[in-house]
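Notes for the one structure printed next.
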Amino acid sequence: MNTEMESYEKEISDYKMELFDNLVGKAEKVLEIGIGTEAGLKSEDFTFIQALGESIPLEDASVDAVVGTLVLCSVTDVTRTLNEIKRILRPGGIYIFIEHVAAEDGTFLRLVQNVLDPLQQVVADGCHLTRHTGESILEARFNGGADVKKASLSRFAYISSHVYGVAYN
Ligand SMILES: C[S@@+](CC[C@H](N)C(=O)[O-])C[C@H]1O[C@@H](n2cnc3c(N)ncnc32)[C@H](O)[C@@H]1O
């Protein structure tokens, strides 16, 4: 991810800055799921938990915020993962997300995604191209609702369609 995704990270960084602003001064205990390769973080600054998003080994209402970028494309069970995120967030806690999603039905891009999806799962460690993750986040019914925005990146072909935003517990 470090080497292959450099140009992607450049394009997505403004979205991340906007979203992560929600954490400043408001969230002390933050869980990032599907952390990937986090270059530059000192190990004494965080606790690494090896677990699945579908079964997070943390107490109910125990964190201020959950962050997940490009993770719900890869988990086995999106609904269970979202339910776990809701469970561990304290009342008033927030879930911040950026996810690539299925393109609009009937578009050429969607057709390409449909064709490439099985291959993507093999070469990209279980990543799905055709998930309706924005809808899944809304259907999870976070107590305070969810602000799900759409973004279309200018490059990155079959993963250009994104949703990003904040869900409020
Ligand atoms: C595409 S990578 C994204 C990494 C990083 N968040 C980023 O934005 O670069 C997907 C991540 O999801 C993790 N993952 C896959 N299945 C998971 C699951 N069931 N529970 C938690 N994490 C999972 C992978 O280990 C990987 O770190």
Original post:
Taking springs between alpha-carbon atoms closer than 10 angstrom, which of SER154, SER43, SER13 fluctuates most in the Gaussian network model of the chain?
Top reply: SER43
**OP:** Using a 10 Å cut-off on Cβ atoms, rank the peptides 145-151, 75-81 from the highest mean neighbour count down.
**Re:** 75-81, 145-151
Original post:
Can you give the calculated 222 nm mean residue ellipticity of the chain, where each DSSP H run of n ≥ 4 adds -39,500 (n - 2.57) and the sum is split over every residue, rounded to the nearest 500 deg cm²/dmol?
Top reply: -9000 deg cm²/dmol
Original post:
Of TYR158, TYR95, TYR15, which has the largest mean-square fluctuation in a 10 Å C-alpha GNM of the chain?
Top reply: TYR15
Original post:
Using the alpha-carbon atoms, what tilt in degrees (0 to 90, nearest 10) does helix 78-88 show relative to the longest principal axis of the chain?
Top reply: 20
**OP:** Could you please state how large a percent of the accessible area of the range 1-105 is carbon and sulfur, counting protein chains only and using a 1.4 Å probe?
**Re:** 50
**OP:** Any chance you could list P(r) for the chain, counting all Cα-Cα pairs in 5 angstrom bins from zero, rounded to whole %?
**Re:** 1, 8, 17, 22, 22, 16, 9, 4, 1, 0
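Taking the Cα centre as origin and putting +1 on Lys and Arg beta-carbons and -1 on Asp and Glu beta-carbons, what dipole magnitude results for the range 6-168, to the nearest 20 debye?
Dipole about the Cα centre, nearest 20: 260 debye.
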Original post:
With axes computed from alpha carbons, what is the tilt in degrees of helix 108-123 against the longest principal axis of the chain, rounded to the nearest 10 within 0 to 90?
Top reply: 60
**OP:** Read phi for every residue in the range 145-156 and hand back ³J(HN,Hα) as whole Hz from Karplus 6.51 cos²θ - 1.76 cosθ + 1.60, θ = phi - 60°, with x for Gly and Pro.
**Re:** x, 9, 9, 10, 9, 9, 9, 10, 6, 6, 10, 6
**OP:** Report, ordered by chain and residue number, the lysines lying within cross-link reach of LYS42, taken as a straight Cα distance under 24 Å and ignoring same-chain residues fewer than 8 apart.
**Re:** LYS10, LYS16, LYS26, LYS29
Original post:
In the range 155-169, which residues have a backbone nitrogen under 20 Å from the label point lying 7 Å from VAL115's Cα in the Cα-to-Cβ direction?
Top reply: 155-161
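The values are calculated or read from the model by the stated rules, or taken from the named source; none is laboratory data. Note that this is a predicted model, so its numbers are computed, not measured. Methodologically, a virtual Cβ is constructed for each residue, glycine included, from the backbone with ideal geometry; neighbour enumeration extends over all protein chains shown. Heads up: the accessible areas ignore ligands, DNA and RNA and are worked out on the full protein's heavy atoms, side chains in. Shrake-Rupley method; radii C 1.70, N 1.55, O 1.52, S 1.80 Å.
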